[in-house]
Amino acid sequence: MPEPTPGRLSARHVLGLVTDPGSFAELPHPARRSPPDGPLGWQGYDASRARAAERTGEEESVVVGTARVGGTAAVLIAFEFGFLGGSLGERTGDLLEAAYVHARAHRLPVVPLVATGGSRMQEGMLALSQLQRVARQSALTREAGLAQVAVLRDPTTGGGWATLGAGADVILALPGAQVGFAGSRVRPPDADPAAYTAEAQLAAGAVDAVVPLAQLKETLGLWLRLLTAPAPIPADPPLALGADALPATGWAAVRRARAPHRPRAEAYLDAYFARRVALSGDRCGGADPAGMLCGFGERDGRTVAFAAQTGTATRPAGYRTAARLIRLADRLGIPVLTLVDTPGAANDAEAERQGAGAAIAELFGEVAAARTPITTLVVGEGGSGGALALAAPGNTWATPDSYFSVIAPELAAAILKRPPRETEATAAQLRIRPQDLVELGVVRGIVGHATTGSTTPLPPG
């Protein structure tokens, strides 16, 4: 018998691929008596269900149970697309609710392995209303501080995408999977099919990663391990990777921070974490992978979340992604590390159309309201409010090759109507050097170089 394509694996097959051998234990099916041909009396519905059961060996369109994935216990919900297109009906809702209730009772994360065409036509509005039921269970699980990691198979459309899929904390997808609210039979005839793919959803900020099937178990296991290890102890600031001497002047600090070969976010994250996974996209149609790196990593055996600017102007999607990261870490009780490095927020017309001000305000608010500890290190340019939005009040540190300023010295001189030759003097007046920031109480201290491990703490008083 030929192997099924990766996107159309049966529920049992995909469960076998992602779970540790022998660990899956199916949850019992809740009892529900259904009238002949279902709640609407849809002629032929019972016969359709019987044929689906004979073809798949399943009683419903989902298989739910507990298992270990890479050693981490979880509740798994695997859709069986061969059972009436993986559609959701009342009995499906019963199983989904039972899965979430079990997860909360046993403090387990939830992993929906989605492959569905949407709600079941033969049950009408009663089928559609299961989406509200699922959304309620997902919300209760979120409030309980438990992670939800969805895996999108082919296809993931309709209400299944809009609840179990898009409503998850982290969304992984198989390559080439059809993903979209509109299924293939209800789209406009001229719709571009490429827009309804996992890859398109990744580009639009709606999916965190497209993961090859061969890597799915390892990736899913790492995500579950990181998201189920809360340890709300502040993250220690990374040690400096660049210069170890302090700059003599404000302008020297600026030039050093702008040096093209200065260590950037990737280098700091690689040195800080043993391994890490990326959270991508703002869930609002945008992503800023070149300007903001977000995710979770393993540091000395515990999980730390991170949001790191990369040295470019940060776009609105980057700020929204960082805000999403902080919300999730706060709910799961995971400390956060932020790295500040930007000349400022993107200020082009497109950034304004994308809601730059609202995105920055959202991040300011999440940092201010977070209960989980946030640690910040300024590793390069700290350009105005676009940098400050990512900085933790009272727990921000600086490297010797960084600066933090109300505005770039060139722009400050222009605002003050000074000639360009006075830019360096303006930089000195702004007091933007790391040692100035310590003296002013803006940062707690200057981290030492990785070769020495020393730091300069904030002086008493």
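Values as computed for the structure displayed
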item: Tabulated pairs, the stretch 412-425, first open to solvent by 70 Å² or more (accessible area, probe 1.4 Å), second among the small types (G, A, S), C-beta under 8 angstrom, 6+ apart or interchain; result: P420/A413; E424/G250
item: Given (1) touching a helix residue (DSSP H, G or I) at 6+ places or on another chain (Cβ under 9 Å); (2) buried (at least 16 other Cβ atoms within 10 Å of the Cβ); (3) touching a residue at least 60 places away in the same chain (Cβ under 8 Å); (4) not small (G, A, S), number of the condition F24 does not satisfy; result: (3)
item: Meets criteria (touching a strand residue (DSSP E or B) at 6+ places or on another chain (Cβ under 6 Å), surrounded by 16 or more Cβ atoms within 10 Å (Cβ to Cβ) and over 30 Å from A231 (Cβ atoms)) for G386; result: yes
item: Conditions (1) more than 30 Å from L108 (Cα to Cα); (2) open to solvent by less than 40 Å² (accessible area, probe 1.4 Å); (3) touching a residue at least 60 places away in the same chain (Cβ under 8 Å); number of the one not met by A200; result: (3)
item: Residues that are buried (at least 24 other Cβ atoms within 10 Å of the Cβ) and assigned to a helix (DSSP H, G or I), drawn from the stretch 138-161; result: G158, G160, W161
item: Options A305, A323: the member that is in contact with a helix residue (DSSP H, G or I) (Cβ under 7 Å, 6 or more places away or on another chain) and not in a strand (DSSP E or B); result: A323
item: Where G295 falls short, out of the listed (1) in a loop (DSSP other than H, G, I, E, B); (2) at positive phi; result: (1)
item: Lone qualifier among G301, G291 - being open to solvent by 40 Å² or more (accessible area, probe 1.4 Å) and either touching a Pro at 6+ places or on another chain (Cβ under 9 Å) or of a type outside the set (K, R) (or both); result: G301
item: Residue count for the stretch 237-260, restricted to those that are touching a Gly at 6+ places or on another chain (Cβ under 9 Å) and outside any helix (DSSP H, G or I); result: 7
item: Scan of the stretch 162-206 for residues that are within 19 Å of the chain's Cα centre (by Cα), assigned to a loop (DSSP other than H, G, I, E, B) and over 14 Å from P112 (Cβ atoms), ordered by number; result: P175, A204, G205, A206
item: Residue satisfying all of: in the stretch 88-122; open to solvent by less than 10 Å² (accessible area, probe 1.4 Å) and assigned to a loop (DSSP other than H, G, I, E, B); nearest to E58 (Cα to Cα) among these; result: G89
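The values are calculated or read from the model by the stated rules, or taken from the named source; none is laboratory data. Bear in mind the structure is a predicted one, so any value in this text is a computation, not a measurement. Note: ideal-geometry Cβ built from the backbone for every residue, glycine included; neighbour counts use all protein chains shown. Areas reflect the complete protein model, heavy atoms only, side chains present, ligands, DNA and RNA absent. Shrake-Rupley method; radii C 1.70, N 1.55, O 1.52, S 1.80 Å.
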